[in-house]
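Peer 1: Before we start, here is the structure in question, set down as structure tokens.
The values are calculated or read from the model by the stated rules, or taken from the named source; none is laboratory data. What you are looking at is a predicted structure, and each value in this text was computed from that prediction instead of being measured. FYI the Cβ positions are ideal-geometry reconstructions off the backbone, even for glycines, and counts take in every protein chain you see. Keep in mind that these areas ignore ligands, DNA and RNA; they rest on the heavy atoms of the full protein, side chains included. Shrake-Rupley method; radii C 1.70, N 1.55, O 1.52, S 1.80 Å.
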Amino acid sequence: MSADAPLKPQWFQILLALAGGPLHGTAIMEEVLERTDGEMKLWPATLYGSLRDLESEGWILEAPAPADAPTEGGRRKFYALAPEGRAALAAETRRLAGWVQVARERAVLDEAGPA
Amino acid sequence: MRRAPALYRWMLRLQPLAFRREFGAEMEDTFVAHLAAARRRGGGAVAVVWFRGLRDLAVGAFRERRSGGGGPSATRRRRGGDMWDWIMDLRYGARALRRRPALTVAAVVTLTLGIGATTAIFTLVNGLLFRPFGYDDESRLVQIWAQNPERGWTDVDVTLPDAWAWRQRSDAFADVAAYTYVGITDQSGDVPVRLDGVWHTPNLLPLLGVEPMLGRGLGDADAADGAPAVVVVSHGYWERVLGADRTALGTDVVLNGQPRTVVGVLPPDFRFLAMDADIFVPWPGDPHTASLVEHSWNAVGRLASGATVASADGAARAVSAAMASEHPDSHEGFTASVIPLRQEMLGDVAGRAAGVLLAAVGFVLLMACANVANLLLSRASERSGEMAVRAALGAGRGRLVRQLMAEALLLSTVGGAAGAVVAVFGSRAMVAGLPSTLPAVFSFDLDLRVLAFSVGVVLAAALVFGLVPALRIARPAADLRRSGRGGLPRGRAAGGLVVLQTALAVVLLVGGVVMARGVVSLRTQEMGWDAQGVLSARLSPRSADYPTGEEVEDFHTRVLDAVAAVPGVTAVGATQSMPLQGSNSVGSIRLAERDAGTEEVPVRITRLTPGYLDALDLQVLQGRDVTRADRAEAERVVLVNETFVARYLGGASPLDRSFVWDDEDDPLRIVGVVEDHIERAVDRPVEPSIYVPMAQMPAWTRTLVVRTAGDPGALAAPLRAAVAGVDPSVAVFDVLTMRERISDRLGGFDLLAGLMGAFALLSLVLGSVGIYGVTARAVARRTREIGLRLALGAEPSAVQRAIAGDAVRAVALGLVVGLVLAVPLAGALRAMAAGIDTRSPVSFLPAVAVLLVVGGVGAWLPARRASRIDPVRTLSSE
């Protein structure tokens, strides 16, 4: 996948969540949910399909579970951001930041009410 | 990790197995987290989570399966199948079929015909063999016949004391009832109406297990001395005559001049055995003391638990033997036989006809499948590329075969659905063409059995026509490099298809020809009489109104005079029976002069009035016709037919010879000889017959036979008016032209022949298309080879011969196989259409000739095309 193409929003959010450190699937979902004020709900099939795809892209890696992770009812799989993933996230962030910069220059937020 | 609710877990199964194995548990965990978050938010959030969560599963599953997961971890190495794979295969198959509309339409049309015809025939077979009569535990119902091997009588009606003896003396029967069909004149309305009725012992309906829909059934009390006259009526009668009035119970109806109270109405789906009877009247009195010589009852029994047909047969014989020793005068030589009720109703012909038709239509279906298989094979080379690509992408052979089978199943299902429409109309037309002599108890409505059968046929057809092409097309040898050239090996399957199709077509053609010849010979058979311009009608004056023979004779004479006066009538007479009505009786006579009166010989007896022979255009060859002078008190005279003279008098002059009839004292003098003619049925040989003046042996119910120069159907109304002019209370019924009677009696043969003919035609079309298709495919496959040969200097005619030769050899082999198979079929058909020599080569030669022509043309057309192949173009396309 070329770094220029826009990322799928859920991929962006997953990568963003993992930028803070290794997480397992449910934790990624919860982090994204919280950070987006419930706007982005990562439903299970979408979430794990994306994780599987991101892993096969080489953007994320399976990470060892932290020693304190609960293990009841099966082991959760933890993911960490791979260097390629970090690069993709950075590229997407720059792309978005570019648009944000343009919007600022045109004072979009000043007239559109509350930030 | 937390487990999700059962519904979610269940829906998880939609995911491909590998995905589910890898992520299932965590997906549950995540969903539970969603649920927890939603509960915190409250409101309808939980419902939204459920909805979105399940939708996510469905969409996700679809995406996973279609895309193959998008990554290497999307392992799809699964064996066997689950629902989803089939759905995907079907979707893919539908697309594949849409891409080849011509093939799809041809295959569907072929299958529609095959499956439709098969289902329609099965509807018939189902009605005859499987569909319940609607009685309690029908398998335990039997018919009991009297037999008298000493006198050569088979399947004789029984007497009431016989029936009661079996009922009471044998443990083999839980119950035995007796019934007889009677014509009943219903005078409840303005115009007397003739109805079919059943006169029976009161235990008949309980024995069958039939409960009335309204009111009560009949019991022993209804047959007791002085019991009120009651009747149970059919649902149809209740609707037609009693206005479907639920308060009609207790109404009096006038039947045969006697008022009877309606005490019960039978359910709408009730069908009595041989006849769709409206009126059920209990026979009054004690069957024990009834006549010992009136063999006029049918006995139906229910086997006791533990009894079998064979054990009941033995038991009935034992009882009959006891009866014979108790009543030697009436019962000497009589024994009994027991036959399952359905077998009795079916008779000898109907069941066999059903089997023959089912076999024939099965052949048609097989041919249709062979053609579709060939169609699919014809696309093998075109598809081998596609298959190779899919195989290269990781699809195993099993997967490809299943994919192709899904296509076959789609074709078959669509063909089956269209075939169902064909079957509904086809079976309706067939049922309309069934002979009226078929017992009323059979019904041919579509039911679950038919549905299950057609589903089975659809699946079986898909397997038959789909598997060979699927295995062939999905052959692992088909690799990408060769895909463009269609590198299929030369198939034995193709030659096999031609042999199979030819063989089946031969069988069906022979069947069609045999039946067509049978019907033609029955139709054009010399009846002896002339049906043109003849109308017949029956009248039945009541014995209460005309108590003596003289009075009834006088009534009928006045009717004959009145009808003779109707304009257009050229001749009129009456009989107690008439040709094809099948109701003339048998008796035995002793030829007085031939042998001192010891030897009895059987004869058929017809009573007739003057004018009857003229009305049927039957010639008196010697002597005279009966006249009005042959009155009751005059000398007893009789006419005989030619067969009588030939068989019993050795061809000697019969006139003025006399014989004694049964136990009568007065001898009967032969005064004339009538030409031989068909009497009982078109397929029965002429029997020795005697013709007695009606006045000397008066019958109450008679058949009028009227000849006109014009349209006999137009005579019906004036004839009714003429009878009403003599006595308006007498019902006129069974008004039929002689042609209608013939059609009626030919009904079964006509239908059978029509169907066999249609199958023969269909087989011809399917066979020729099939032979052409296989040969054309062979040519297409060998285009390069042929081009090469031609380029190397082969003669086009030699190429033609080589190509056509293959097909012709296969056709010839098919002919041989087909002829071998056709012999037993022809034998079975012969048993149904008596009097036709089905083994004569005339039945087989047309089939062979037609198929040789069809096979030759089918082989030659592609062969000719092959010989015109341009070698340069063919080879340069490499």
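Let's see how each residue does on (1) in contact with a helix residue (DSSP H, G or I) (Cβ under 7 Å, 6 or more places away or on another chain); (2) within 30 Å of B:A753 (Cβ to Cβ); (3) touching a residue at least 24 places away in the same chain (Cβ under 8 Å):
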residue	(1), (2), (3)
B:L346	yes, yes, yes
B:R352	yes, yes, yes
B:L377	yes, no, yes
B:R383	yes, no, yes
B:R390	yes, no, no
B:A418	yes, yes, yes
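Peer 1: Any chance you could count how many residues in the stretch B:17-32 are facing another protein chain (nearest Cβ under 7 Å) and free of Cβ contacts under 8 Å to residues at least 12 places away in the same chain?
Peer 2: Matching residues across the stretch B:17-32 total 2.
Residues are listed down the side, and each one gets a yes or a no for (1) open to solvent by 20 Å² or more (accessible area, probe 1.4 Å); (2) in contact with an Asp or Glu (Cβ under 8 Å, 6 or more places away or on another chain); (3) among the hydrophobic types (A, V, I, L, M, F, W, C):
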residue	(1), (2), (3)
B:Q343	yes, no, no
B:L346	yes, no, yes
B:V349	yes, no, yes
B:L358	yes, no, yes
B:G416	no, no, no
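Peer 1: Now, a different point. Could we say that B:R79 is part of a loop (DSSP other than H, G, I, E, B) and modelled with pLDDT under 90 here?
Peer 2: yes
Peer 1: Would a scan of the stretch B:149-168 turn up a residue that is without any contact (Cβ under 8 Å) to a residue 24 or more places away in the chain, within 18 Å of B:P267 (Cβ to Cβ) and either in contact with a Ser or Thr (Cβ under 9 Å, 6 or more places away or on another chain) or surrounded by fewer than 20 Cβ atoms within 10 Å (Cβ to Cβ) (or both)?
Peer 2: Among the residues of the stretch B:149-168, not one is without any contact (Cβ under 8 Å) to a residue 24 or more places away in the chain, within 18 Å of B:P267 (Cβ to Cβ) and either in contact with a Ser or Thr (Cβ under 9 Å, 6 or more places away or on another chain) or surrounded by fewer than 20 Cβ atoms within 10 Å (Cβ to Cβ) (or both), which makes the answer no.
Peer 1: Could I ask something else about it? Specify which of the listed residues (B:L560, B:L580, B:L535, B:L539) is closer than 16 Å to B:L608 by Cβ, buried (at least 20 other Cβ atoms within 10 Å of the Cβ) and modelled with pLDDT of 90 or more. Walk me through how you get there before you give the answer.
Peer 2: Numbers: B:L580 fails: modelled with pLDDT of 90 or more; B:L535 fails: closer than 16 Å to B:L608 by Cβ; B:L539 fails: modelled with pLDDT of 90 or more.
None of the other options fit; the residue is B:L560.
Peer 1: Could you figure out which of (1) open to solvent by 10 Å² or more (accessible area, probe 1.4 Å); (2) of a type outside the set (A, V, I, L, M); (3) modelled with pLDDT of 90 or more isn't true of B:E593?
Peer 2: (3)
Peer 1: To continue, here is another question. Name, by its number, the condition in (1) at pLDDT 85 or above; (2) within 30 Å of B:T701 (Cα to Cα); (3) open to solvent by 60 Å² or more (accessible area, probe 1.4 Å) that does not hold for B:E740.
Peer 2: The failed condition is (1).
Peer 1: So, in the stretch B:518-532, how many residues would count as being modelled with pLDDT under 75, of a type in the set (A, V, I, L, M, F, W, C) and in a loop (DSSP other than H, G, I, E, B)?
Peer 2: 1
Peer 1: So, in the stretch B:682-717, how many residues would count as being farther than 30 Å from B:S543 by Cα and not in a helix (DSSP H, G or I)?
Peer 2: Total meeting the criteria: 11.
Peer 1: Another question, then. So for the stretch B:221-231 (the condition being modelled with pLDDT under 90 and surrounded by 20 or more Cβ atoms within 10 Å (Cβ to Cβ)), does at least one residue qualify?
Peer 2: Checking the stretch B:221-231: at least one residue is modelled with pLDDT under 90 and surrounded by 20 or more Cβ atoms within 10 Å (Cβ to Cβ).
Peer 1: What are the residues in the stretch B:307-330 that are open to solvent by less than 50 Å² (accessible area, probe 1.4 Å) and in a helix (DSSP H, G or I), if any?
Peer 2: Looking only at the stretch B:307-330, we keep the residues that are open to solvent by less than 50 Å² (accessible area, probe 1.4 Å), and these are B:307, B:309, B:312-316, B:319-320, B:322-324, B:330.
Across the stretch B:307-330, the qualifying residues are B:V309, B:A312, B:D313, B:G314, B:A315, B:A316, B:V319, B:S320, B:A322, B:M323, B:A324, B:S330.
Peer 1: Can you pull out the residues in the stretch B:784-834 that are more than 49 Å from the chain's Cα centre (by Cα), open to solvent by less than 40 Å² (accessible area, probe 1.4 Å) and in contact (Cβ under 8 Å) with a residue 12 or more places away in the chain?
Peer 2: Residues satisfying the conditions are B:I786, B:G787, B:L790, B:V799.
Peer 1: Of the conditions (1) surrounded by 12 or more Cβ atoms within 10 Å (Cβ to Cβ); (2) within 13 Å of chain B (Cβ to nearest Cβ); (3) acidic (D, E), A:E92 clears all except one; give me its number.
Peer 2: (2)
Peer 1: Here is a follow-up. If you go through the stretch B:43-57 one residue at a time, how many are open to solvent by 30 Å² or more (accessible area, probe 1.4 Å) and farther than 15 Å from A:L42 by Cβ?
Peer 2: 7
Peer 1: Based on this model, can you work out whether B:R720 counts as in contact with a Leu (Cβ under 8 Å, 6 or more places away or on another chain) and either part of a helix (DSSP H, G or I) or in the same structural domain as B:V640 (by TED's automatic domain parsing) (or both)?
Peer 2: When the stated conditions are applied, B:R720 does not pass them.
Peer 1: Specify which of the listed residues (B:A391, B:A395, B:A406) is farther than 22 Å from B:N126 by Cβ and surrounded by fewer than 19 Cβ atoms within 10 Å (Cβ to Cβ).
Peer 2: B:A395
Peer 1: Here's a follow-up. Which of the residues belonging to the stretch B:725-744 are in contact (Cβ under 8 Å) with a residue 24 or more places away in the chain and among the hydroxyl-bearing types (S, T, Y)?
Peer 2: B:S729, B:T737
Peer 1: Right, something else. Being open to solvent by less than 10 Å² (accessible area, probe 1.4 Å) and at pLDDT below 85 is the filter; apply it to the stretch B:13-34 and report the residue that is nearest to A:L42 (Cα to Cα).
Peer 2: B:Q15
Peer 1: Considering only the stretch B:787-835, state which residues are of a type in the set (G, A, S) and at pLDDT 85 or above. Show your work before the answer.
Peer 2: Residues of the stretch B:787-835 of a type in the set (G, A, S): B:787, B:791, B:793-794, B:797-798, B:802, B:804-805, B:807, B:810, B:812, B:814, B:818, B:822, B:826-828, B:831, B:833-835.
Within the stretch B:787-835, B:A812, B:G814, B:G818 meet the criteria.
Peer 1: Quick check on the stretch B:642-660. Is at least one of its residues of a type in the set (F, W, Y), open to solvent by 50 Å² or more (accessible area, probe 1.4 Å) and within 41 Å of the chain's Cα centre (by Cα)?
Peer 2: no
Peer 1: Please enumerate the residues belonging to the stretch A:40-59 that are within 7 Å of chain B (Cβ to nearest Cβ) and open to solvent by less than 20 Å² (accessible area, probe 1.4 Å).
Peer 2: Correct list: A:W43, A:P44, A:A45, A:L47, A:Y48, A:G49, A:R52.
Peer 1: Can you tell me which residue within the stretch B:1-12, out of those that are within 9 Å of chain A (Cβ to nearest Cβ) and within 14 Å of B:A61 (Cβ to Cβ), is modelled with the lowest pLDDT?
Peer 2: Going through the qualifying residues, I end up with B:L12.
Peer 1: So which strands (runs of 3 or more DSSP E) stay within the stretch B:129-212 end to end and still have 3 or more residues that are within 25 Å of B:D225 (Cα to Cα) and in the same structural domain as B:S305 (by TED's automatic domain parsing)?
Peer 2: Ranges flagged: B:173-186, B:193-200.
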